[in-house]
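Below is one structure, written out as structure tokens; comments come after it.
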Amino acid sequence: MDPKNTHPDSIAAQALGWIDEETGAITPPIHVSTTYLRDADNQYRSGRIYARADNPAFDQAEAVINALEHGHQALLFASGMAAATAVFQALAPGDHVLAPKVMYWSLRNWLMSFATHWGLDVELIDMTDPGVVQAALRPGKTRLVWIETPANPLWTVTDIALTAQMSHAAGALLAVDSTVATPLLTRPLTLGADIVMHAATKYLNGHSDLIAGALVTRQDNDHWQRVRKVRAQVGGTLGSFEAWLLLRGMRTLHLRVRAACASAQRIAEHFQAHPLVAEILYPGLPGCAGHEVARLQMQGGFGGMLSLRTRGGEAAAIAVAAHTGLWKRATSLGGVESLIEHRASVEGPGTPAPPDLLRLSVGIEHVDDLIADLEQALTAAHGVRS
Ligand SMILES: Cc1ncc(COP(=O)(O)O)c(C=O)c1O
């Protein structure tokens, strides 16, 4: 299968069409060995020595993710956080890094505590404003620009191509957390980004049953070689069974993402003028900031994530979540089941999430059932309060 000339649907469904050479099996075996035989002349011609660094269980899933992203090489990690932090751990003390104020909160916390403690000069800025990015870049000093688009939990959109141009002009690499966009909707490497990161825990796997992360690079370079060493030496490696499960999950990526996008768009449109809703944050709504950029860099949908700001403040928001039935009150995103959460409660002090904000991860249930459940929860929550 030639990945460049094959639709992502076919790449995903057939996991690149690989067949196990030995048995003809269409589904790969799970390799669990931690160590590999050395040749009699003391060489390792298999290219594999020890499973912290080399694991054949990763090969197919990495190849599929790489093909979907049109990259040079992909690496699996034990979690999205292990993947993301490897990008920063591969930098040197004193390096200047730009990251967004609105981003996945746990990575923001890690950057502002551990990364700064280890000597990285981390600056959080508004990544959606190219003027702010340009002014913050320090040519020759800024080594990495990290963006997330659409970004948790306000679903702000950053122009990848423009940010790549500005970063490269200043001598910096651009890394993109594309977890929410998925390779179905946006391929950051083709827009000039250097590294794409996925919390594969989310849409890539899609079934809320494993934690995994992935990085894909546009080209080999010194930084990527250090990222490889971070994985091998720090040891944030995925388990063999999880790699196999991830491959299985990815076979339906295109179906799940399209269903989630279509339903999220319907839900956003349904509730945007609702009397009990103050605001819907979703890049698929023409009125939302970022819609124009999203239209250019997202193909086939605007993602399955949106946020709903309730009328009545924090208490009303928490009450709405409490009254949902089909929507499950849980954190995380990108699974087949729809999730709802009061985001400020999760993120705590310093969160950019307003107190009345509910984060919605739209799954693949029937959209009419999802809308009906939210309608009754909004009504019940406001009835209880009055
Ligand atoms: C956008 C985004 N990036 C990164 C992560 C971290 O991934 P993981 O939970 O697999 O470590 C998450 C997890 O919620 C996320 O939503």
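The values are calculated or read from the model by the stated rules, or taken from the named source; none is laboratory data. These figures come from a predicted structure and were not determined experimentally. Glycine gets a Cβ as well: all are built from the backbone with ideal geometry, and neighbour counts include every protein chain shown.
Structure above, values below:
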{"item": "Verdict on ALA90 being small (Gly, Ala, Ser) and in contact with a His (Cβ under 7 Å, 6 or more places away or on another chain)", "result": "yes"}
{"item": "Residues (out of contact with any strand residue (DSSP E or B) (no Cβ under 6 Å at 6 or more places or on another chain), part of a loop (DSSP other than H, G, I, E, B) and either within 20 Å of ALA200 (Cβ to Cβ) or among the aromatic types (Phe, Trp, Tyr) (or both)) located in the stretch 133-186", "result": "THR149, PRO150, ASN152, ALA181, THR186"}
{"item": "Flag for ALA353 being within 16 Å of the ligand (Cβ to nearest atom), within 30 Å of LEU204 (Cβ to Cβ) and touching a Leu at 6+ places or on another chain (Cβ under 9 Å)", "result": "yes"}
{"item": "Within the stretch 294-308, tally of residues that are of a type in the set (A, V, I, L, M, F, W, C) and either surrounded by fewer than 21 Cβ atoms within 10 Å (Cβ to Cβ) or assigned to a loop (DSSP other than H, G, I, E, B) (or both)", "result": "3"}
{"item": "Criterion violated by SER46 - all others in (1) away from the ligand (no atom under 16 Å from the Cβ); (2) more than 22 Å from GLU347 (Cβ to Cβ); (3) out of contact with any Ser or Thr (no Cβ under 6 Å at 6 or more places or on another chain); (4) modelled with pLDDT of 95 or more satisfied", "result": "(4)"}
{"item": "Qualifying residue in the stretch 354-373 (condition: hydroxyl-bearing (Ser, Thr, Tyr) and in contact with a Gly (Cβ under 7 Å, 6 or more places away or on another chain))", "result": "yes"}
{"item": "Scope the stretch 13-31; condition within 27 Å of the chain's Cα centre (by Cα), within 17 Å of ALA57 (Cα to Cα) and among the aliphatic types (A, V, I, L, M); matching residues", "result": "ALA15, LEU16, ILE30"}
{"item": "In the stretch 328-385, the residues that are under 24 Å from the mean Cα position of the chain (by Cα), among the small types (Gly, Ala, Ser), surrounded by fewer than 21 Cβ atoms within 10 Å (Cβ to Cβ) and not in a loop (DSSP other than H, G, I, E, B)", "result": "SER345"}
{"item": "Odd one out for VAL196, checked against (1) outside any loop (DSSP other than H, G, I, E, B); (2) more than 17 Å from ALA74 (Cβ to Cβ)", "result": "(2)"}
{"item": "Elements of type helices (runs of 4 or more DSSP H) contained in the stretch 1-94, each with 3 or more residues being touching a residue at least 12 places away in the same chain (Cβ under 8 Å) and either of a type in the set (Lys, Arg) or within 20 Å of LEU173 (Cβ to Cβ) (or both)", "result": "56-69, 80-89"}
{"item": "Residue within the stretch 158-171 that is farther than 14 Å from ALA84 by Cβ, of a type in the set (Val, Ile, Thr) and either more than 14 Å from the ligand (Cβ to nearest atom) or surrounded by fewer than 24 Cβ atoms within 10 Å (Cβ to Cβ) (or both) present", "result": "yes"}
{"item": "The lone exception for LYS229 - which of (1) surrounded by fewer than 16 Cβ atoms within 10 Å (Cβ to Cβ); (2) among the basic types (Lys, Arg); (3) free of Cβ contacts under 8 Å to residues at least 60 places away in the same chain it fails", "result": "(3)"}
